[in-house]
Number of protein chains: 2
Amino acid sequence: MHLPDSFYLGTLDRVVERIGAAGYDGILVTQPADVAYLVGFCYAVTERPVYLWVGADRDRFVLVPELDRQYAEQQRTHAPVVTYFEYPGVTSPEEHFADLLRHRGLAAGRVAYTSSMSVSTFGKLGAALPDVTWEVSDVVAGLRLTKAPEEIELHRQAADICDSMLAAGRAYIEEALSAGRELPREGEIARHVVGHGSDLIYQRYDHVVFTTKLAGGLVYAGPNAANPHGLPSSRRVQVGDTLILSLGASVLSRFVESERTFVIGEPSADQRRYFETARSAQHVGTEAMRVGRTCADVNAECLDVIRDAGMGEYLRHRQGHGIGVQQHEAPWVEDGDPTPLAAGMVLSSEPGVYVPGHGGYRISDTVLVTDGGPERLTTYPRTIEENVIAA
Amino acid sequence: MHLPDSFYLGTLDRVVERIGAAGYDGILVTQPADVAYLVGFCYAVTERPVYLWVGADRDRFVLVPELDRQYAEQQRTHAPVVTYFEYPGVTSPEEHFADLLRHRGLAAGRVAYTSSMSVSTFGKLGAALPDVTWEVSDVVAGLRLTKAPEEIELHRQAADICDSMLAAGRAYIEEALSAGRELPREGEIARHVVGHGSDLIYQRYDHVVFTTKLAGGLVYAGPNAANPHGLPSSRRVQVGDTLILSLGASVLSRFVESERTFVIGEPSADQRRYFETARSAQHVGTEAMRVGRTCADVNAECLDVIRDAGMGEYLRHRQGHGIGVQQHEAPWVEDGDPTPLAAGMVLSSEPGVYVPGHGGYRISDTVLVTDGGPERLTTYPRTIEENVIAA
């Protein structure tokens, strides 16, 4: 599970060029996803900070806790690995970092950093390096907005796994139905599909790594599905339920989401109406994901389908969001984000209809924006006919 | 899955008393674990912020994204729920929060906040409320250092689940051995034990909720176990391996860790030596967890056992850390933390010995500090005799 060296070297070139042009001596990167993106080190996030330095002179290092030294080296991290022993430390990680900068003659340098840093960390760094001029920079976030071809290939592989997880979830329920067994609980379905996805990943890849998770799933049926972000419950699914399988998977921490709504048994008129509205909005919104249109504009066109069907009161969220090294990242397919879409962006398209006391309807694809139009990386069938689980 | 109202009311009393005494008009709480602790709302953490306000006049509200409204209400969140529609929003969540404060006459108030807030969020709040005086406060972190009796009961329940996960992992390997099957892969063992723990939780509780996870497991054997924070690999465990099961579970987001080292087959002299050293350090370090001693002092006594055995080069980390609503939280059982232990603290005790190319040895208990001495909440057997898996 590695990207070719050329990916990291190309990214480094772009970072160095931009921080140099902005007059910085270098950039301090502290967000785990940014570190994974820039140098390919994926690690368990704890209170122990990881500090990646990229100098305008191409000098770089990644400061990690001692317990991650060997792990970072095994991952062929594209920066020399230096360590501090532990957190909080008699000498703090921030003081270690300050020493490393002082040794480079940058005690009074101009240092860029990313705004995801906590106020606490910023305070400690400022105290350790009182003469540095600190400036927030979105250089790395800007690069991450569009994906390189090598990354898109990982998203494609993750999409294949995620679609397979949907099929496994459906089959799990169908097997119970055909065997005349009790239907599974939401939590059991979640465990089954996440296990299926994890197994596939371990079968397909050596040296599995991830930032936040390999595979995940929210499963909710009946009234529970009216909470877009609820958790699977111990309720058994039952005939008559609307069921959302909201699944995710990652390959080298390149995420996809694939979500489908199923109906167990013959759909009622209400179920058909809500399903078709959600599906139509998703189709319109996905087709609108074209180079040059803004996130806000695409979102409005998508959600208008639901509002125009008289279901505006059942909206609970935007159309979607960017997906990359993080499951949710910029740009945001929402009214407040004026970012124009560009080729290479990977976005979720997942409008939903949530009817309190009844259920929820959401179909999500992970969509690649190309010069030729939107390409759905997730391809599991979307129609109600294909997503009725016969009971 | 609820704590009694009295827990939240008592905590509110203490927060209000302390922020009032410090002269604040109120405190803005943004960390998910702090929100879960103060008002009992556990939610999926995304880019959408949740802002909990607790006024010195006991007035409070929790500002959540619209998609979490119903979910927050179902959890009997101990604060009125108000919403913003989405992130980033045409009107940002921070502007919504500012409006709520202005309506309370606090546009020029003195507001405490926790230092886990990001620089980015702090910048947006500062812009939305330019006349507020902002001050970092550790009021909530201070309260969280010691656990209430109701919370300790949840930790005990989680410990029972975590110990059962250890037994399930061991049995999984023993079954393969006795059936003459191939032994499972590290990733498969992880999936099995996490599934076992999750199933137990769903069986035992209604309305399962969590902040970061229900149950988790790192499983590593042979050379892979020399990385304290590596991930389970696709390598099959084998006779002769040292195997670490590093497991965690939570009940209402009160965590425990329970970790044991097993040897598959008859231990070699080296395996015995490393195991006994790690076990002895863990015993000494746990017994040292007594009221009034400092974290630094306890840690030194614990790790000295390993250094005195001539294995200092195999140390990779401190003795342990606090456990509560977060799996890792203050205090830190490490040289750099002078915090004196107090009754009601819950700590991990988990020194380890890591031999590159050979394997790792770590035994971890979750320990409650009491006036009568340390109480191990996790109780799975710890001796090498009990943790040899006969092959």
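Where a number appears in this text, it was derived from the coordinates with a stated rule and is not lab data. Just so it is clear, the model here is predicted, and its values are computed rather than measured. Virtual Cβ from ideal backbone geometry, glycine too; neighbours counted across all protein chains shown.
For the reader, a short list of remarks on this structure follows.
- Sites A:D304 and A:V82, calculated FRET efficiency, Cβ-Cβ separation with R0 60 Å, nearest 0.05: 0.65
- Here A:P149 yields copy-to-copy label distances, from shortest upward, of 6.8 nm, the label point defined as 7 Å from Cα along Cα to C-beta.
- Cα-based Kirkwood hydrodynamic radius, segment A:5-144, one decimal, Å: 15.0
- With Cα atoms, 0 to 90° folded angle of helix B:5-21 axis to chain B main axis: 60
- Angle between chain B longest axis and helix B:149-178 axis [Cα atoms, degrees, rounded to 10]: 30
- Taking every alpha-carbon pair under 8 Å whose residues sit at least 6 apart, chain A reaches a relative contact order of 14 percent.
- Farthest toward positive dipole pole in chain B [+1 Lys/Arg, -1 Asp/Glu at C-beta], among B:Q326, B:L67, B:I306: B:L67
- Cβ neighbours within 10 Å from other chains - mean over B:65-72: 6
- Shape call, segment B:244-343: gyration tensor on alpha carbons, a/c limit 1.5: oblate
- Sequence ranges A:179-187, A:233-241, ranked by mean other-Cβ count within 10 angstrom, highest first: A:233-241, A:179-187
- Packing, taken as the mean count of other beta carbons within 10 Å per residue, orders the peptides A:55-63, B:343-351 from highest to lowest as B:343-351, A:55-63.
- Residue among B:I27, B:T121, B:T91 farthest towards the positive dipole end of segment B:5-144, charges placed on Cβ: B:I27
- Angle of helix A:269-287 to the longest C-alpha principal axis of chain A, folded into 0 to 90 degrees and rounded to 10: 40°.
- For the protein assembly as shown, share of DSSP beta bridges that run antiparallel, in % to the nearest 5: 75
- Qualifying lysines (Cα of each under 17 Å from Cα of A:K213; at least 8 residues distant if same chain): B:K213
- Sum of side-chain charges, B:Q203 neighbourhood, beta-carbon under 15 Å (Lys, Arg +1; Asp, Glu -1): -1
- Oblate is the label for segment A:149-389. Its Cα gyration tensor axes, ordered a ≥ b ≥ c, give a/c of at least 1.5 and b/c at or above a/b.
- Of A:A226, A:P340, A:S250, farthest towards positive along the dipole that unit charges on Lys, Arg, Asp, Glu beta carbons give chain A: A:A226
- Under 5 Å between amide hydrogens, built in the peptide plane, is the criterion, and for A:S364 it picks out A:E259, A:R260 among residues at least 5 positions away or on other chains.
- Summing Cβ point charges (Lys, Arg +1; Asp, Glu -1) relative to the Cα centre of the protein assembly as shown gives a dipole of roughly 360 debye.
- Overall form of the protein assembly as shown per C-alpha gyration tensor (a/c, 1.5; a/b vs b/c): rounded
- Electrostatic dipole magnitude of chain B [Cβ: Lys, Arg +1; Asp, Glu -1; Cα centre; debye, to 20]: 320
- Electrostatic dipole magnitude of segment B:5-144 [Cβ: Lys, Arg +1; Asp, Glu -1; Cα centre; debye, to 20]: 180
- 10 Å Cβ neighbours from other chains, averaged over peptide A:185-192: 3
- Other protein chain Cβ atoms within 10 Å, averaged over every residue that makes up A:118-124: 6
- Shortest-first distances to equivalent copies, position B:S6, nm, label 7 Å out along Cβ: 6.9
- Karplus-derived 3J(HN,Hα) values for segment A:91-101, using 6.51 cos²θ - 1.76 cosθ + 1.60 with θ = phi - 60°, are 9, 6, x, 5, 5, 4, 4, 4, 4, 5, 6 Hz; glycine and proline are entered as x.
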